[in-house]
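Input: a single structure, listed below in structure tokens.
Nothing in this text is a laboratory measurement; each read-out follows from the coordinates by a stated rule. Since the structure is predicted, the reported quantities are computational estimates derived from the model, not experimental observations. Heads up, the Cβs are rebuilt from the backbone with ideal geometry, glycines too, and the neighbour counts pull from every protein chain shown.
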Amino acid sequence: MSFRYCTKCVMPNTKPDLSFDEEGVCDACRSAEMKGTIDWEARETEFRELVSRFKNKSGGNYDCVIPISGGKDSHYQAYMARKYGLNPLMVNFEATLRNELGRKNLENIRQFGDLLEFKKNPEIYKKMCLYAFKQVGDHEWPNHIGIFTFSVRVAVQFRIPLVLWGENSQLEYGGPKAARMKNVLDRRWLEEFGGLLGLRVEDMIGVEGITKEDLVSYFYPSDKELEEAGLFGAFLGYYFKWDARQQVQLMQKYGFSVKEDGPVEGTYTNYENLDDAIVAVHDYLKFVKFGFGRATDHACLDVRNGRITRDEAVKLVTEYDGKWPKVAISEFLEFFNMTPEEFDTIVDSFTDKMLFEVNSDGSLQRAPDHSLVKKYGDYSLEAQR
């Protein structure tokens, strides 16, 4: 296996859909450079034209649907919609295990408009979570699907043709050029980049007695329904330069709350993944599969935005990335009534042993805090030549 890190940031080449050029620079860093050449005033004009195109088009009370979690991004999306004259209907797909800070921020976002929340059937949802955890190593799979589908179903149902998404993750974090350059989120983008991991909603039918009727809100609308509704799903990050830290500072002026007692498990920041008590488990599974976690994501963004150097990013990632999220795992085990041994067995089955040290018997080596021991911990440019 040829393992290497980007020579500008600290993202490894194990990230799915990421490519490196002949200089060893990842496409996410090249996209960040490209963002510096974009005429953002012209893009703002495009957004104003989009607003004019869709304002009052539905003939009802709302000009657009905004899928929201209550976090920093959705606060910014709702704020920008209001700023440019749109009346949004905010749609929330309930978090897997919402915590108090998540509730607080979800209440706060209501200052920007009406909020419609999907309260899922807890038993059906839990069965889906456990099945996805065991099959593809992601208990948040049904939440990802719900976020992308329920808001679109609402837009179709109420004939609100504009769905306003936040960042294009393929542009911010790296991905195929065709996806990075698009400003539209459609069915194809969802199926290729929306986190389905090879599963489809239909695969859930029959799992622990789940019926098709139980899954109505998880199915993406048909092409006919989308066409009749004239649906258009746009990334706000196409029209305005996306910078999470600046947006957090702005949204704090409007009541958005960060985690004041320290960073979120798995990273060094305190402004993201605040609504769900067990989302750090999702991030940890990404680490064992691909050798990088949430701290790497954040460090790379900070490097690309000129806030830290690559050397500083290496120190942060070394300290925070992939550490055993004991608080989230404790909540996870209680919520799903799972033993630590069963949890470890499932997680280990998704762990890429090419990326981590193993004992003579083939078992994974662990540090005293139960974290895995990474093989490729040398981020130096010399080590990659």
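Using the Karplus relation 6.51 cos²θ - 1.76 cosθ + 1.60 with θ = phi - 60°, the per-residue 3J(HN,Hα) values for region 266-272 come to x, 8, 10, 9, 10, 10, 10 Hz, with x marking Gly and Pro. When you count the other C-beta atoms within 10 angstrom of each residue and take the mean per peptide, 312-319, 370-377 line up highest first as 312-319, 370-377. All distinct Cα pairs of the chain go into the 1/r average, and the inverse of that average, the Kirkwood radius, is 21.9 Å. Reported to the nearest whole Å, the Cα centre-to-centre distance from region 316-373 to region 19-63 is 38.
With the helix formula -39500 (n - 2.57) applied to DSSP H stretches of n ≥ 4, the chain reaches a computed 222 nm mean residue ellipticity of -13000 deg cm²/dmol. By the count of other C-beta atoms within 10 Å, a proxy for reagent exposure, E342, E227 are ordered fewest to most as E227, E342.
With contacts taken as Cα pairs under 8 Å and at least 6 residues apart, the chain reaches a relative contact order of 20 percent. Roughly what % of DSSP beta bridges within the chain run antiparallel, to the nearest 5? If we restrict to bridges inside the chain, about 30 percent are antiparallel.
Taking the centroid of alpha carbons for each part, region 260-313 and region 95-121 are 23 Å apart. Relative protection proxy for 9-22, 144-157, from highest mean packing down: 144-157, 9-22 (other beta-carbon atoms within 10 angstrom).
By the Cβ-Cβ criterion of under 4.7 Å, the unpaired cysteines of the chain are C29, C64, C129.
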